[in-house]
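S.K.: Please read through the structure below; I'll follow up with questions.
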Amino acid sequence: MARIERIRQDVPGPFGAEDLAQKAGQGWKLVAVEWEREVPEDQAAGHAAEEIPFGLQVVGNGAPHLEENPAEREVLFLMMELTIQDGPYSAIAEELNRRGYRTRQGTAWTPISVFQMLPRLIEVGPRIFATEEWQQRRARLGKFGAR
C-alpha cells in the first residue's frame, strides 16, 4: 500500500489556477483549505481564542461543543504507552510515523513535536488511566508498564 505524504504550504500572496495546476502536475491533490482573517477585538467575542486541545474536536450540532477526536485520542494513548515504556522522544516519533499518524498540521512527528505534547499528556493522563482501554493496555505492558 502506498504511503500518503502531506505538506502544509503557506500562501504569502495570490494563489490561483496556475499554482493548483503546478502542484497537480507534481502528483499532489488538494484535500483541504484553511482560511484566516484578522478580526477587530470588538468583533472577536464568541470566537475561540485558544487552539482546541489535542484529542478533542468541535462538533456543531446546534450549540458547538467539544468531543473526543478518535484518531487524536489514539495518538495520546500511544504516546502515553510509549512514554511509560521509557521510550525516547525520537522512538515515540518514529513509532507514530510508522503507524501513519500525523500532527494536526499534517506533518510527520518529530522528537520536538512529541516533547511539545507533554503538557497535554499530563492534562489528560488521569482520564486515560481511568479507562478500561488503558487497563487492558497496561496488562499487556506488565505490572508497571515495563517491557
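The values are calculated or read from the model by the stated rules, or taken from the named source; none is laboratory data. Because the structure is predicted, anything quoted here is derived from the model rather than measured. We place every Cβ from the backbone using ideal geometry, glycine too, and count neighbours over all the protein chains shown.
S.K.: Could you list all residues from region 9-27 that are at negative phi and modelled with pLDDT of 85 or more?
M.R.: GLY16, ALA17, GLU18, ASP19, LEU20, ALA21, GLN22, LYS23, ALA24, GLY25, GLN26
S.K.: Suppose we filter PHE129, PHE77, PHE54, PHE115 for residues that are over 23 Å from ILE4 (Cα atoms), within 17 Å of the chain's Cα centre (by Cα) and of a type outside the set (Lys, Arg); which single one remains?
M.R.: The conditions single out PHE115.
S.K.: Next question, about the same structure. Taking only region 58-100 into account, find how many residues are within 21 Å of ALA130 (Cα to Cα) and touching a strand residue (DSSP E or B) at 6+ places or on another chain (Cβ under 6 Å).
M.R.: 3
S.K.: May I pose another question? How many of the residues in region 51-72 are within 14 Å of ARG120 (Cβ to Cβ) and small (Gly, Ala, Ser)?
M.R.: Qualifying residue count, region 51-72: 1.
S.K.: Here is a further query. Output the helices (runs of 4 or more DSSP H) that fall wholly within region 67-127 and possess 1 or more residues being surrounded by 17 or more Cβ atoms within 10 Å (Cβ to Cβ), among the charged types (D, E, K, R) and touching a residue at least 24 places away in the same chain (Cβ under 8 Å), or say none.
M.R.: Here the list reads 70-84.
S.K.: Still on this structure: Check off (1) over 12 Å from the mean Cα position of the chain (by Cα); (2) farther than 24 Å from GLU5 by Cα for ARG120 and give me the number that stays unchecked.
M.R.: Single failed check for ARG120: (1).
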